[in-house]
Amino acid sequence: METAEIRIGVYICHCGINIASTVDVDRVRDSISQLPNVIVSRDFKYMCSDPGQELVRRDIKEKGLNRIVVASCSPRMHEPTFRMTIQQAGLNPYCLEMANIREQCSWVHEDREYATAKAVKLVSAAVAKVSLLEPLEEKEVEVRPEALVIGGGIAGIQASLDIADAGFKVYLVEREPSIGGHMAQLDKTFPTLDCSACILTPRMVEVERHPNIELLSYSEVIDVSGYIGNFHVKVRKKPRYIAMDKCTGCGMCAEACRMKGKIISEFDVGMGKRSVPYIPFPYAVPSKYTIDPENCLFITKGKCGKSPACKDACSSDAIDFEQKEEIVELDVGTIVVATGFDLFDAREKPEYGYGLYDNVLSGLEFERLVSSSGPTQGKIVIDDKEPRDVVFVQCVGSRDKSVGNEYCSRVCCMYTAKQAHLIHEKLPDAKLTVFYIDIRAFGKGYEEFYDRVREEGVRYIRGNVSEIIKKGDRLLVMAEDTLLGEPVDIEADLVVLATGIVPRKDVKEVGNLLKISRSPDGFFLESHPKMRPVDTATDGIYLAGCAQGPKDIPDTVAQAKGAASSAMTKMARGKVKVEVTTASVDTFVCRGCGRCVEVCEYGAPNLEEVEPGIFVSQINDSICKGCGACSVVCPSGAISMKHFKNEQILSQIAAVI
Amino acid sequence: MNSEAIVKETRAYHCLECGVCTSSCPVARVRPSFSPRLLVEKALFGFGDEIVRDRDLWSCLVCGRCTSRCPSNVDYLNFIKEMRIEASKLGEKGLFSHDGILNTIMELQSLSLRQKRTSWITDDLEVADEGEWFYFVGCLPYFDLVFGEGGYCDVGLKPTERARNTVRILNKMGIKPVVSNDERCCGHDLLWNGDLEGFRRLAELNLKTIEKSGAKKVICLCPEGYVTLKRDYPSYLGEQDIEVVQLYQLLADKLKEGKLNFVENGSDNPVKVTFHDPCSLGRIAEIYEEPREILSGIPGIELVEMERNRADALCCGTSGWVNCSSCSKQIQTERLKEAEATGADILLVACPKCGIHLSCAKYNSDIKIEIKDITDLIVEKMA
Amino acid sequence: MSEEFEPNIVGFACNWCSYAGADLAGTSRMKYPPNIRIIRVMCSGRVSPSFVLKAFQMGADGVLITGCHPGDCHYIAGNLKCEKTMETTRKLIDVLGIGEERLRLEWVSASEGSKFADVVTDFTNHIRGLGPILGKSQG
């Protein structure tokens, strides 16, 4: 590329005596002045001071400089300062290079001779690089004031409400017929013992009524393209076979259904039964029925008596077997991923007999059993009998490398304590035992609650259960009491497994859809574990709730509010700056091999078919973060990293040696 | 050499402006702005300065199709080489593939570093430090790290397997070749990228190494190595007291002598193969029939020729690890499709670089044909 | 080995963790040998093997790459990509006769100023002990 003559100004800072006491600044200045294209080489007491900056600005104007080197402290400190300085004098801010002769030279070396020689090399490298630097333009993209929230559990509900309250449009996509998620299945919540439905239902209703929220229930996101500010999303609305606008939620269809009471209720996790037309739970939102196509006689066999009983029973003529799936296309500026979790399947630990013995329950099954809206209306009965001895087993599927889950699920200790309390409340004579490895009662009021439960007489035995076998019509739970160092066997009528939280079964597919990564535990990966816990590596996509890792309700709500706030920050400004130092492709050189696509963590490069059979990589500037990994794997040299081009770095290497 | 001298040396003034060169040029076919004819004419009209600054100077594949068809015997290959030497002096260079790693590897070998390039040798192979035959291995040990498993640009190949197989074949022929850690890059790519000095240094070091081994015969698998040692070493460093042999020449002779035998084929269904003539082996060294003779000697193999074969064969698309581009990919894809069109199951290659380039083009594409080196096939079938 | 030998060491440090770690070594006034010259890259994953080879070709006696600890990469996994590439590069420079010990990759976080100083000191001493690359000045 033809460029105008390169005219470099070099400014060497004394930093008081911070640099000058170890580095012979005069000598550096003089050696550098000999380098090609260096028009001026100066030293100054404090380059970052106003007079120091003024010196640079004046030289740029008077001497026609077009590249500037400042040799001073770390660029991490003052690069923004000097970029602004040269911009004020009319230069492109990227025509600057800094040489770090303080943190990486004068402060770490003592020998003046060596330090000076090294400073000369470092400044020479900056001069070499600056001669090859190219002006770069800063770019902004528009951010649409609409958000997509994926998942209608408490995380998605909270995020939707916050964003909608701030005045932005929200599309809330929920895969199930109702929002509510796992929280809707819980009976009471620890440690306050609020009824889960009582605190959740008002929020669900708010979602339904909110003028800024469009709820797409019984729908799934099937495609996401674009980038921050301009995501294009395709959503598949599955057919309910019941017209939403006509259904009154009266339930006559379910009453009439020929399969009534024969279908396992997902909401009651197998503990209750339902009809083919169903509403997952009484306070569902939307309060509309859905025909379960997998079990419907009319849909699967084409015949249901003379005519489908539900259709006959519906007085508002809402049943519509002709309904087809519908693809809805949305354009949104930001996305909140609140896809939640799956419960660990305790069958993966066959030694506990889950799935084999009816009186071994998962934590969630017990929630349904104890819930007044559950299959027994809250009566704790197993085989029509009230249990006398109940054993709780902690860490089922958590902190267990044998099933691949090294992490703590963070809720089981506390929900077990709560469940023990609920039994104690309803069956004061029952003997309750909890087997545990460690009790993690870390939240506000948690330790106090744990204490309260122990005071109520719940026995905590340290040691985890090795196996559960049948003994007559009861269960024998075997473990070691590790505090006493002796084996302990307990007979029980009911065992509740504190089943942990695992990533959704389809977490990988969803991750691929959104091009977001996962951490080794399988949950979605946040951008930084501490400083950016709700952001993903993809700008404009944020995480809320258990999709990012196990969480209790307070943490989930807090994170949802954080994710909502991050999304709102971008939408409120309406514009977002995108990375300037991105990778770019020489489309003639590009062989379209796709190695860049494979290596990129962000999905910035894409192979596009420019002519039949001919592919070229296109890198989306708004997605690229400028790490440079693609330019390393590019076999043909088609990709170059702006501001860190091969020849720029090679010139630095040559200069420092 | 200045532009005028180059014109004279390469007989460029004989140019009839017929355009056969350009219409034979695989690059020009894909990219009409590239024209060997115009490059030569520019020089004829005294615009040599423009040529040496032209990025397209490095796009030429030095495949030799133009030279072999030129009715006026213009030595286009040397024209390009000499122009590149001049361009290099001005600091011009092509766009390096693989960030220039391969070129740096070559340049580093001109130092006296103590390489460990023979680490591919396994216990079953018989090699010597001194002897009659010197096996010139070439770049294979380095290719393993770039194109082999876990390499920077893994294309699913095991380049040093070619070297092991060459030794296996030689051992079978009763030859225990010298293999040396002091061997260097042959210098082919440096020469053709205009680095004459770098080439000379490598050539001198190689000749010293060969001399020290006492070998009088040098055997090459790599066709580029072969033409470099056979033709370029004498022309730049004077006549050498060594005989340079290409593996397939030797094997074709051994086949005739009845010393190379293959196992009988059990099945009636022959495997269909097609053969890609490497530019250096074919148009440059004019070794067309030897590999075919060997193939015809292998039972159960049916050779089906591609549309363009022997002197008409299409290049593997890139050379010297410079200016590999979408244009190269198109040439390679065309060649692979031509191979598939024969109905063959296997595309046989005779040059490690052809194998790499064609495998690279196959990566992430819908091309199915298996790419295999002839040495691998020979070792499989050797009795 | 000659006592006089002062090796040339080229360092590549990623902007987010290890360059900041190097800065912290400075802010904390830790001392290390002056042989290393650091080139800042945004991510250790940007370091092409060609940079390493070129550094040796141009006269470096050792190359030190520093990146974020696994799991902390600002670009998710650039450091791991670098690790994979450099594993191959170590093999490559070994075949070339430069010696694999002359290339080192270390994880240094922004809070590990002292680790940075230790790593540089150790590597510099190690290279000083190895001496110049054999055959480098000849040829």
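FYI, it's all coordinate maths here, none of it is from the lab. Because the structure is predicted, anything quoted here is derived from the model rather than measured. As a convention, Cβ positions derive from the backbone with ideal geometry for all residues, glycine included, and neighbour counts pool all protein chains shown.
Of C:SER44, A:SER217, B:SER296, A:SER402, how do they rank once you tally other Cβ atoms within 10 Å and put the fewest first? Final ranking by Cβ density, sparse to dense: A:SER402, B:SER296, A:SER217, C:SER44. Annotation: amide H-H contacts under 5 Å for B:GLY64 (H modelled 1.01 Å from N, sequence separation of 5 or more, or interchain): none. Taking other residues whose beta carbon is less than 9 angstrom from the beta carbon of A:LYS238, and scoring Lys, Arg as +1 and Asp, Glu as -1, yields +1. Placing one equal scatterer on every Cα of the stretch A:101-221 and applying the Debye formula, the log10 ratio I(q)/I(0) at q = 0.23 Å⁻¹ is -1.17.
Can you list the trypsin sites (Lys or Arg not before Pro) in the stretch B:325-382 that are in a DSSP coil and have 10 or fewer other beta carbons within 10 angstrom? Spell out each step's value before the answer.
Numbers: sites: B:LYS329, B:ARG335, B:LYS337, B:LYS353, B:LYS362, B:LYS368, B:LYS372, B:LYS381; in loops: B:LYS368.
Filter output for the stretch B:325-382: B:LYS368.
Would you calculate a helix-derived [θ] at 222 nm for chain B, using -39,500 (n - 2.57) for each DSSP H run of n ≥ 4 and dividing by the full residue count, to the nearest 500?
For chain B, the value works out to -12000 deg cm²/dmol.
Answer rounded, prolate or oblate for the stretch A:283-346, using the Cα gyration tensor with square roots of eigenvalues a ≥ b ≥ c: rounded when a/c is under 1.5, else prolate when a/b is larger than b/c, else oblate. Cα axes put the stretch A:283-346 in the prolate bin.
For chain B, which longest stretch is free of loop sites, where a loop site is one of the GluC sites (Glu not before Pro) that DSSP puts outside H, G, I, E and B and that has at most 15 other Cβ atoms within 10 Å? Don't skip to the answer; put the middle values down first.
Values: sites that count: B:GLU17, B:GLU126, B:GLU130, B:GLU132, B:GLU149, B:GLU239, B:GLU257, B:GLU264, B:GLU286, B:GLU305, B:GLU307.
It runs B:18-125.
Considering only A:ILE501, A:LEU475, A:VAL453, the residue lying farthest towards the positive end of the dipole of the stretch A:452-510 is A:ILE501, judged by Cα position with unit charges set on Cβ. Cα centroid separation, the stretch A:337-358 to the stretch A:194-267: 25 Å. Counts of other chain beta carbons within 10 angstrom of each beta carbon in peptide A:565-573 average 0. Taking a straight Cα-Cα cut-off under 25 Å and skipping sequence neighbours fewer than 8 places away in the same chain, the lysines within cross-link reach of A:LYS570 are A:LYS139, A:LYS169, A:LYS234, A:LYS515, A:LYS530, A:LYS561, A:LYS625. Rounded, prolate or oblate, given the Cα gyration tensor of the stretch A:235-380, with a/c below 1.5 counting as rounded? Verdict is oblate for the stretch A:235-380. Between the helical axis of A:112-132 and the longest alpha-carbon principal axis of chain A there is an angle of about 80 degrees.
So if I take the alpha carbon set of the stretch B:3-89, get Rg, then get Rh from the Kirkwood formula, what is the Rg over Rh ratio? List each step's numbers first, then the result.
On the way: Rg = 11.4 Å, Rh = 12.5 Å.
A ratio of 0.91.
Loop-located trypsin sites (Lys or Arg not before Pro) in the stretch A:228-296 (DSSP state other than H, G, I, E, B) with a sparse environment of at most 12 neighbouring Cβ atoms within 10 Å: A:LYS262. Helix B:76-89 and the longest principal axis of the C-alpha atoms of chain B enclose an angle of approximately 70°. Dipole of the protein assembly as shown computed with +1 at Lys/Arg Cβ and -1 at Asp/Glu Cβ about the Cα centre; of C:GLY129, A:VAL370, A:PRO191, farthest Cα towards the positive end is A:PRO191. Across the options A:CYS247, A:ILE263, A:VAL235, the greatest Cα extent toward the positive end of the charge dipole of the stretch A:232-280 (unit charges at beta carbon of Lys, Arg, Asp, Glu) belongs to A:VAL235.
Need one value for A:579-592: mean number of C-beta atoms belonging to other chains within 10 Å of its residues' C-beta atoms. Mind showing how you got there, number by number?
Numbers: counts 1, 0, 1, 0, 0, 0, 0, 3, 2, 4, 8, 3, 16, 7.
Shielding by partners across A:579-592 averages 3.
Scaled against 2.2 N^0.38 Å for its residue count N, the alpha carbon radius of gyration of the stretch B:98-252 is 0.99.
What is the local net charge at C:LEU105, summed over the other residues whose Cβ is closer than 9 Å to its Cβ (Lys, Arg +1; Asp, Glu -1)? Spell out each step's value before the answer.
Details: positive: C:ARG90, C:ARG104; negative: C:GLU83, C:GLU87, C:GLU106.
Value of the local net charge: -1.
Starting from the Cα gyration tensor of chain C, take the square roots of the eigenvalues, sort them a ≥ b ≥ c, and report rounded, prolate or oblate (rounded when a/c is under 1.5, otherwise prolate if a/b is larger than b/c, else oblate). Oblate, because a/c is 1.5 or more while a/b does not exceed b/c. Look at where the Cα atoms of the stretch B:1-71 and of the stretch C:69-139 average out, and the two centres are 46 Å apart. Pairs of alpha carbons in the protein assembly as shown separated by more than 51 Å make up 43% of all such pairs. Applying the criteria of a DSSP loop state and at most 15 other Cβ atoms within 10 Å to the GluC sites (Glu not before Pro) of the stretch A:452-522 yields A:GLU456.
The C-alpha atoms of chain A define a longest principal axis, and helix A:446-455 lies at about 30 degrees to it. Helical runs (DSSP H, four residues minimum) scored at -39500 (n - 2.57) apiece and divided by the length of chain A put the mean residue ellipticity at 222 nm at -8500 deg cm²/dmol. Shielding value for C:51-62 is 6, the average number of Cβ atoms from other chains within 10 Å of each residue's Cβ.
With the cut-off at 46 Å, report for chain A the share of all Cα pairs above it, as a whole percent. It would help to have the intermediate numbers written out before the result.
Working: 82631 of 215496 pairs.
Of all Cα-Cα distances in chain A, 38 percent exceed 46 Å.
So how strong a dipole does the protein assembly as shown carry about its Cα centre when Lys and Arg Cβ are +1 and Asp and Glu Cβ are -1, to the nearest 20 debye?
On the way: 143 positive and 166 negative charges, 260 e Å.
Dipole about the Cα centre, nearest 20: 1240 debye.
Given +1 at the Cβ of Lys and Arg, -1 at the Cβ of Asp and Glu and no other charges, the dipole of the stretch B:98-252 around its Cα centre is 260 debye to the nearest 20.
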